[in-house]
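One structure is given here, and the rest of the page talks about it.
The values are calculated or read from the model by the stated rules, or taken from the named source; none is laboratory data. Quick caveat, the model's predicted, so the values are computed rather than measured. We place every Cβ from the backbone using ideal geometry, glycine too, and count neighbours over all the protein chains shown. Remember, those area values only see protein heavy atoms, side chains included, never the ligands or the DNA or RNA. Shrake-Rupley method; radii C 1.70, N 1.55, O 1.52, S 1.80 Å.
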Amino acid sequence: MPKFRLVKESPEAVACDLLAVAVFKDAKPGPGAAEVATLLGTTLKDLFAAERISGNVGDCAVLSTVGHIAAKRVAFVGLGDKTAVTPFEIRRAGAVVARKAAGAKTVGTLVPAAASGNGTDAARAFAEGFLLGSYKFTRYKKASANGSKPVAVSDVLIAGMAKSAGIDKSLAAAQAVADGTVLARDLTNTPANDKSPVSLAQQARDIAKGTGMTVKVMDEKQLAAKGMNGILGVGRGSPKPPRLIEINYKATGAKKNIAIIGKGITFDSGGINLKTQGLDWMKMDMGGAAAVLGIMKAIAAIKPKVNVTAIICSAENMPGGNALHPGDVLDMYGGKTVEIGNTDAEGRLVMADGLALAAERKKYHYILDMATLTGACMVALGPRCFGVMGNDDGLIQGLLGASKRAGELAWELPLIEDYRKMIDSDIADLKNIGGPYGGAITAGLFLREFIGDHKWAHMDIAGPTKSESDEFEQPKGATGSGVRTVVEWLTSL
Ligand code: BES
Ligand code: MN
Ligand code: ZN
């Protein structure tokens, strides 16, 4: 992971392998851009024409400086409309620069200085984008196969900004959020043959070590003693036993207690209702649990002034001989019975146990859950946006606002009362599937049955947990969706 430092040099004097300067639409220069272009013997207008860029966010022209300035190469990176630059654009530009920095050891930049207003927010956004855009999952690549290990950026020198205590804090927060997101990505990218509910429990212990956070794990015997039949039921078809994992973070002077529950299906085959599509992605069905672990890692460093309890409901959904049958009825924790309409709707079964456990304690101001719950949410919102549902408008708006500041895409879906009857069962209190349409909503309505009268919100992150391609700060593969939004929300409470 690179270190970020503020430097005083003017653009032409920043000694580095790659210097990034900002440009805007209509060939308008950001700080340092016109000066650098002049030293290279050109103008931004000519450079835009020659490099066929127009200054939009994502545009980037990299030129060799052949000794005209101290930097070896320069990246002219687009920020869009000069009058409308926010941390959102700066974060994306940071990620673009990170991908162009392959092979560089030192990177210099004046991009954060291009933001009007709060320089600390801009520096944080650039650092976040840079760290998130540098991500590669290399654990299973053997160095011998491609000769050498890639060069990692060791230093990022931020020029053009005044030093302040605020900037140091912002850069530390960027680092913490990136570390949490990277952990979530690594866990989610890990193949199912190398992960299990037991290994997630070990991850929780590793994260907590030395932080003051405490961890409690319920094994299959304790789950049975307590009647956690959602988690147990889903786990029955797999030789890997299920776990309920709890991590507690306590802040001094905290006025609020928050519970965050994560779906940790380490592989979702569908069970006896075996999936016919998308199985190769289903190692990622613990994206909610991974996000929760990433959030806990990040807040152990950022130390927001709220108490946070993480609850991970983890099982492997497999069609073994002891698996749930379609038509089975589970007597769930919290007292309701559920008829299994489809063993592939397993996420809501494991989450119900975690929600009922949190609700029973009657001490949380807000209960939040994060789950790769439905393909229907992807159909509704596309692959990059998560759905937010819940029973408290303040909480929902808080999360949506946090998602905007964090640079993640989110949208509210309604919990339509008239749809509640779609999850009625003929023989039990509830059925775990609804009708053919509105699947994200009926899944949300199912979860709501287990939270009593608590203030609660549900994030369906099935779409954005994985990406089909590199796009700004999101890499191809696991993205760590939700970590940034929830950390931002927790720090704003
Ligand atoms: N894990 C899936 C949801 C999912 C789908 C996540 C695609 C990521 C990408 C979930 O357990 C599931 O299988 N949901 C079913 C529910 C249906 C059987 C009611 C779905 O969405 O098809
Ligand atoms: Mn499923
Ligand atoms: Zn699932």
Flagged as over-length at 26 Å C-alpha distance, from Lys250/Lys362; Lys275/Lys466; Lys240/Lys303; Lys226/Lys305; Lys3/Lys72; Lys169/Lys455, the pairs are Lys240/Lys303; Lys226/Lys305; Lys169/Lys455
Can you show me the helix-derived [θ] at 222 nm for the chain, built from DSSP H runs with n ≥ 4 at -39,500 (n - 2.57) apiece and divided by the number of residues, rounded to the nearest 500. -10500 deg cm²/dmol
Label Asp155 and Ala224 with points 7 Å out from Cα along Cα→Cβ: what is the distance between them in nm? 6.0
Under the rule rounded for a/c under 1.5, else prolate if a/b exceeds b/c, else oblate, using alpha carbon gyration tensor axes a ≥ b ≥ c, region 216-349 is classed as prolate
Where a ≥ b ≥ c are root eigenvalues of the Cα gyration tensor, a/c under 1.5 meaning rounded, otherwise prolate if a/b exceeds b/c and oblate otherwise, the chain counts as prolate
Sorting Ala84, Ser314, Leu183 by the position of each Cα along the dipole of the chain (Lys, Arg +1; Asp, Glu -1; all at Cβ), the one nearest the positive end of that ordering is Leu183
Once you put a point 7 Å from the Cα of Asp206 and another 7 Å from the Cα of Asp392, both along the Cβ direction, what distance in nm separates them? 3.3
Report, by chain and number, residues whose modeled amide H sits under 5 Å from the one on Leu409, excluding near sequence neighbours (fewer than 5 apart, same chain). Phe386
Dipole of region 314-440 [Lys/Arg +1, Asp/Glu -1 at C-beta], most positive-end residue of Leu381, Gly398, Gly347: Gly398
Less than 21 Å apart at the alpha-carbon level, and either on another chain or at least 8 residues along: which lysines does that give for Lys82? Lys25, Lys28, Lys45, Lys404
About the Cα centre, and with charges only on the beta carbon of Lys, Arg (+1) and Asp, Glu (-1), how big is the dipole of the chain? Nearest 20 debye, please. 1600
Whole-Hz ³J(HN,Hα) from phi, Karplus 6.51 cos²θ - 1.76 cosθ + 1.60, for region 306-323, glycine and proline x: 9, 7, 10, 10, 9, 10, 10, 9, 10, 7, 10, 9, 10, x, x, x, 9, 5
Range in the chain, longest, excluding exposed trypsin sites (Lys or Arg not before Pro) [loop by DSSP; at most 12 other beta-carbon atoms within 10 Å]: 364-493
What relative contact order, as a whole-number percentage, does the chain give when Cα pairs under 8 Å and 6 or more residues apart are counted? 14
Using the Karplus equation 6.51 cos²θ - 1.76 cosθ + 1.60 (θ = phi - 60°), what ³J(HN,Hα) coupling, rounded to whole Hz, does each residue of region 287-294 give in order, writing x for Gly and Pro? x, x, 5, 4, 5, 4, 5, x
I need the calculated FRET efficiency for the pair Leu39 and Met1, taking r as the beta carbon distance and R₀ as 35 Å, to the nearest 0.05. 0.65
Once His365, His454 are ranked on solvent-accessible area with the largest value leading and a 1.4 Å probe, the list reads His365, His454
Please get the size of the charge dipole for region 1-130, origin at its Cα centre, with Cβ charges of +1 on Lys and Arg and -1 on Asp and Glu, quoted in debye to the nearest 20. 320
How would region 309-423 be classified by its alpha-carbon gyration tensor: rounded, prolate or oblate, with rounded meaning a/c under 1.5 and the a/b versus b/c comparison settling the rest? prolate
Signed unit charges on C-beta, dipole axis of region 16-170, positive-most listed residue Ala37, Ala95, Gly119: Ala95
Expressed in nanometres to one decimal, the distance between label points 7 Å along Cα→Cβ at Tyr437 and Thr337 is 3.2
Taking R0 as 30 Å and r as the Cβ-Cβ distance between Glu417 and Arg384, the FRET efficiency 1/(1 + (r/R0)^6), rounded to the nearest 0.05, comes to 0.55
What is the calculated FRET efficiency for Asp328 to Asp46, with r their C-beta to C-beta distance and R₀ = 56 Å, to the nearest 0.05? 0.20
Hey, what's region 280-331 come to in accessible area per residue, 1.4 Å probe, Å²? 31
Give me the percent of DSSP beta bridges within the chain that run antiparallel, rounded to the nearest 5. 40
As I understand it, the value is the acute angle between the Cα axis of helix 197-208 and the longest principal axis of the Cα atoms of the chain; what does it come to in degrees, rounded to 10? 50
May I ask you to derive the relative contact order of region 289-382, considering only C-alpha pairs under 8 Å and at least 6 residues apart, and to give it as an integer percent? 25
If you average the alpha carbon positions of region 361-407 and of region 32-108, how far apart do those two centres end up, in angstrom? 36
Taking 0.36 nm per residue of separation and subtracting the Cα-Cα distance, what length does fully extending Arg139 through Lys363 add? 76.6 nm
Can you sort Tyr437, Tyr135 by solvent-accessible area, 1.4 Å probe, largest first? Tyr437, Tyr135
Give me the angle, in degrees from 0 to 90, between the Cα long axis of helix 347-361 and the longest principal axis of the Cα atoms of the chain, rounded to the nearest 10. 80
Magnitude of the Cβ-charge dipole of region 156-272, K/R +1 and D/E -1, about the Cα centre, nearest 20 debye? 400
